[in-house]
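Quick note: the coordinates plus some simple rules give every number you see, no bench work behind them. From a predicted model like this one, the values you see are computed outputs, not experimental measurements. We place every Cβ from the backbone using ideal geometry, glycine too, and count neighbours over all the protein chains shown.
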Amino acid sequence: MMPGWILLQRLLPRIAAWLLLAFLFLPILVVIPVSLTDREYLSLPDQSLSLQHFASLLNWRAGWLPSMITSIGIAIASSLLATALAAAFAIGAWVHAGRWPTAMRLILLSPLIVPPIIYAVGMVRLWSRFNLLDTWIGVTLVHMILSMPLAVLAIGASLANLDPRLVQAARSLGARPPIVFAKVILPNILPGVAAGAVFAFITSWDEITVTLFITSRRIVTLPRKIWTSIADSVDPALAAIAAVMLLVTIVGLLIRMLVWDGRTPNRS
Amino acid sequence: MAFLDIRMLRKTYGSAVALDGVDLTVQAGEFVTLLGPSGSGKTTLLMSIAGFTRPDEGGIVVDGHDVTFMDPEDRDFGLVFQGYALFPHLSVAENIAFPLKVRKWDKARIAAKVEEMLRLVDLTDYASRKPKQLSGGQQQRVAIARALAYGPRILLLDEPLSALDRNLRESMQRELKRLHQETGVTFIFVTHDQEEAYAMSDRIAVFHAGRIVQIGAPREIYANPQSLFVAGFLGGNNIFKARHAAADGTLTFFGNACSRPPRFNPAVHGKEGEVIGWVRPEDIAVGDPDAAATIRFDATVVDISFVGSAEKLTVTTTDGQELTLQVPMHFAVDIRPGAVLRCAVKPEAIGFLPPDI
Ligand SMILES: Nc1ncnc2c1ncn2[C@@H]1O[C@H](COP(=O)(O)OP(=O)(O)O)[C@@H](O)[C@H]1O
Ligand SMILES: [Mg+2]
């Protein structure tokens with residue numbers, strides 16, 4: 001066969017893969033040069049690079065900083081709650097692998113299946129009845145529900161490698177359930193719990209669809225602030241804030257990867 | 001009174017009866033094996049004793065105290081599984097220390113006990129290894145050491161050796177026997193492997209369909225199976241049909257009539273007509289045996305298979321019954337399927353079973 005043909009056969013999939021990657025990432029990465037522009041509107045840098053738009057983020061009156069704090073607060077609260085509940089559910093399902101956990105799992109994972117817009121409409125109705133629209137609690141609870149599926153999946157994945165008989169072994173050795181949880185189950189699923197918490201944090205951090213529906217003036221999360229700013233300005237601060245969000249997400253993923261890799265030597 | 005006293009234990013799962021009225025008494029320090037085919041209820045009984053399965057009816061009394069509804073944590077019974085169930089994040093020493101830490105022993109005492117247990121199971125050099133870094137046999141020894149560390153009243157073992165290969169299994173059997181003798185703990189051991197049961201037990205309880213159908217010392221059970229199930233389950237036994245003629249006191253089988261063998265009791269085994277007998281493969285001699293008082297018969301070879309220590313022959317008798325027998329390797333050299341062999345069996349080697357079971 002012709003060497004050129006073989007070369008093409010080998011290279012083509014690689015080229016395709018790189019192109020696809022570029023297609024996925026370039027639009028994301030373009031925000032970084034734009035955020036460094038020296039002009040007053042959304043554009044690539046003209047004469048020089050400038051950090052002025054990052055500096056403007058720190059101006060309290062511009063509203064970026066309060067939104068960032070709101071988003072971080074809600075993301076921390078909702079991811080902690082989601083992780084705790086997800087761990088409780090996943091461990092319960094693991095210990096009693098009966099029928100109701102399967103049904104429960106389906107309900108719990110439904111946010112992954114139901115389109116967010118439908119979810120949003122439902123939540124507006126529900127929250128208006130409980131007077132939770134545009135409140136901290138309301139948003140935190142919704143974000144918690146939305147982050148549960150990923151947290152359950154992450155924790156469930158690390159439980160799947162664990163022998164359920166460990167619980168019986170520990171109890172026969174005299175350990176009561178709290179000790180079984182703290183000394184036997186938790187140490188073995190910690191990487192999954194950490195990964196679940198990071199997933200939950202990221203989910204809340206960039207949630208926009210449902211948040212738009214259930215907030216108005218009081219609770220302005222960062223994605224919501226971006227959303228409203230895009231509508232009425234071309235301020236390059238937008239690109240700066242997008243770069244910050246990107247950074248937070250990447251840091252989160254890095255933490256998750258480190259945790260994930262950190263456990264590999266343990267297992268082999 | 002017995003140390004462990006189990007009375008009329010029943011457990012059903014929906015329509016499946018896992019335990020159908022089990023009675024069992026065990027003396028302190030005894031090694032009792034629950035032997036039976038898969039699904040006969042052995043694990044259910046063991047888990048009821050451990051406290052993880054709640055029986056529907058009946059009770060379990062240990063040392064005079066009713067423990068039927070006591071939490072497993074409070075029972076002080078060690079438990080060893082086929083899958084070891086070692087804590088993967090803890091080292092060998094930490095695994096053994098686990099029950100001691102739970103009991104809040106002081107540090108020096110824990111260290112001394114862990115040391116002692118490691119020596120007992122010969123794993124001193126492996127103290128700081130993780131379970132994953134040990135072989136199956138070593139992991140099982142850790143599991144046993146962990147279950148024995150705090151001085152349990154009873155050690156419950158559910159098919160602990162089934163995952164090991166044959167050689168290792170035999171050395172672990174000796175090891176378990178030694179541990180039993182050195183610690184004096186009461187062992188209740190579950191297996192479906194009869195050789196394992198013979199090798200270790202003081203007594204064997206044979207399970208069938210949620211009941212204990214026979215209980216006794218290994219040799220006693222082997223020599224005197226009391227039901228068709230036990231006779232068939234233990235040791236590749238030959239079960240055959242014979243015809244009893246009460247009028248002249250003869251039994252007809254394998255194509256000859258003979259006077260009643262010594263172990264035949266018409267009142268128990270059948271007054272007239274068809275009765276069920278059994279004979280062990282090793283009790284059937286081939287060729288021209290020396291002893292006079294033997295029952296002789298012809299049989300046609302159907303199949304020959306090599307089993308390592310001997311050749312296993314499958315033969316059919318002139319009355320159409322299939323038998324298995326064993327002959328030494330050198331003896332089988334000229335035997336081919338279709339050959340007719342002259343066989344002999346001593347009358348006292350033939351056992352009989354009551355008809356209805
Ligand atoms: N948790 C359970 N749910 C339903 N059926 C069970 C359960 N545990 C045991 N069984 C049934 O009870 C019977 C006895 O099981 P088991 O005690 O495990 O037998 P063995 O250990 O002798 O193999 C089997 O028919 C089994 O299917
Ligand atoms: Mg079993």
Exposure-ranked with fewest Cβ neighbours within 10 Å first, B:His65, B:His244 stand as B:His65, B:His244
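Placing +1 at every Lys and Arg Cβ and -1 at every Asp and Glu Cβ, with all other atoms neutral, what dipole size does the range B:236-353 have around its Cα centre, in debye to the nearest 20?
Here the size comes out at about 240 debye.
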Top positive-direction residue, dipole computed over the range A:62-243 with Cβ charges, set A:Ala170, A:Thr215, A:Ala93 = A:Ala170
Ranked B:Thr317, A:Thr102, criterion: other C-beta atoms within 10 Å, fewest first = A:Thr102, B:Thr317
For the pair A:Ala84 and A:Arg125, how long in nm is the line joining their label points, each one 7 Å along Cα→Cβ?
-> 3.1
For chain B, percent of DSSP beta bridges that are antiparallel (nearest 5) comes out at 75
Relative to the first principal axis of the alpha-carbon coordinates of chain B, what is the inclination of helix B:166-183, with its axis defined by its Cα atoms, in degrees from 0 to 90 and to the nearest 10?
-> 60
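Rounded, prolate or oblate: which one fits chain A, using the alpha carbon gyration tensor with axes a ≥ b ≥ c (rounded when a/c is under 1.5, else prolate when a/b beats b/c, else oblate)?
Values: a/c = 2.11, a/b = 1.29, b/c = 1.63.
Oblate.
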Share of antiparallel DSSP beta bridges in the protein assembly as shown, in percent to the nearest 5?
-> 75
Just round it to a whole percent: the fraction of Cα-Cα distances in the protein assembly as shown exceeding 40 Å.
-> 54
Provide the three semi-axes, in whole Å and in decreasing order, of the ellipsoid equivalent to the range B:236-353 as defined by the square roots of 5 times the Cα gyration tensor eigenvalues.
-> 27, 13, 13
Does the range A:1-102 come out rounded, prolate or oblate, given a ≥ b ≥ c as the square roots of the eigenvalues of its C-alpha gyration tensor, rounded meaning a/c under 1.5 and, failing that, prolate meaning a/b above b/c?
-> oblate
Springs between alpha-carbon atoms under 10 Å, Gaussian network over chain B: tell me which of B:Ile304, B:Ile221, B:Ile96 tops the mean-square fluctuations.
-> B:Ile304
Proximal aspartates and glutamates to B:Lys11, defined as alpha-carbon separation beneath 15 angstrom and excluding residues fewer than eight positions away on the same chain = B:Asp20, B:Asp23, B:Asp56, B:Glu57
For the range B:1-74, average projected area of the Cα convex hull in nm² = 5.1
Quick one: which of B:Lys101/B:Lys177; B:Lys107/B:Lys177; B:Lys42/B:Lys312; B:Lys312/B:Lys346; B:Lys107/B:Lys132 span more than 22 angstrom between C-alpha atoms?
-> B:Lys101/B:Lys177; B:Lys107/B:Lys177; B:Lys42/B:Lys312; B:Lys107/B:Lys132
Hits among aspartates and glutamates - C-alpha to C-alpha of B:Lys113 under 16 Å, sequence gap 8 or more where chains match = B:Glu94, B:Asp122, B:Asp125, B:Glu182
Ascending count of other beta-carbon atoms within 10 Å, so fewest first, for B:Arg174, A:Arg61 | A:Arg61, B:Arg174
For B:Gln133 and B:Ala163, what is the calculated FRET efficiency with R₀ set at 25 Å and r taken between the beta-carbons, to the nearest 0.05?
-> 0.90
Summing -39500 (n - 2.57) over every DSSP H run of at least 4 residues in the protein assembly as shown and dividing by its residue count gives a helix-only mean residue ellipticity at 222 nm, to the nearest 500 deg cm²/dmol, of -14500 deg cm²/dmol
For chain B, calculate the relative contact order in percent as a whole number, restricting contacts to Cα pairs under 8 Å that are 6 or more residues apart.
-> 16
